[in-house]
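Structure first, then comments.
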Amino acid sequence: ELDADGRVRRSVLPFPMRWLYRFGLEHLLARAGFALEAVYGSYELDEYDSTSDLLLAVARKH
């Protein structure tokens, strides 16, 4: 952001993160009213397994 004098003003805010595992993510999505459609292990849509670097979920609201 720029302040009134044109100087850059930086803000630092906490951003807590939490590790999720597949079945925990599925549970939280269901509790929030989402239906899980697919789970992928990469942006190339590879099948998710325990060695995947990513956990990508596709879900739709009920």
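Please calculate how many Å² of accessible area region 1-55 carries per residue, with a 1.4 Å probe and no DNA, RNA or ligand atoms counted.
Per-residue accessible area for region 1-55 comes out at 96 Å².
Where the accessible area of the chain is counted over protein heavy atoms with a 1.4 Å probe, how much of it, in %, is carbon and sulfur?
Summing carbon and sulfur atoms, their accessible area is 55 percent of the total for the chain.
Before anything else, pin down the relative contact order of the chain: Cα pairs under 8 Å, at least 6 apart, normalised by residue count, whole percent.
Computed value for the chain: 25 percent relative contact order.
Could you pull the Rg and Dmax for the chain, using just the Cα atoms, both in Å?
In order Rg, Dmax, the Cα atoms of the chain give 18.2, 53 Å.
What angle, in degrees between 0 and 90 and rounded to the nearest 10, separates the Cα long axis of helix 22-31 from the longest principal axis of the Cα atoms of the chain?
It is inclined by approximately 80 degrees.
The values are calculated or read from the model by the stated rules, or taken from the named source; none is laboratory data. For clarity, every value in this text was computed on a predicted model and none was experimentally measured. Note: accessible area is taken over every heavy atom of the protein model, side chains too, but ligands, DNA and RNA are not part of it. Shrake-Rupley method; radii C 1.70, N 1.55, O 1.52, S 1.80 Å.
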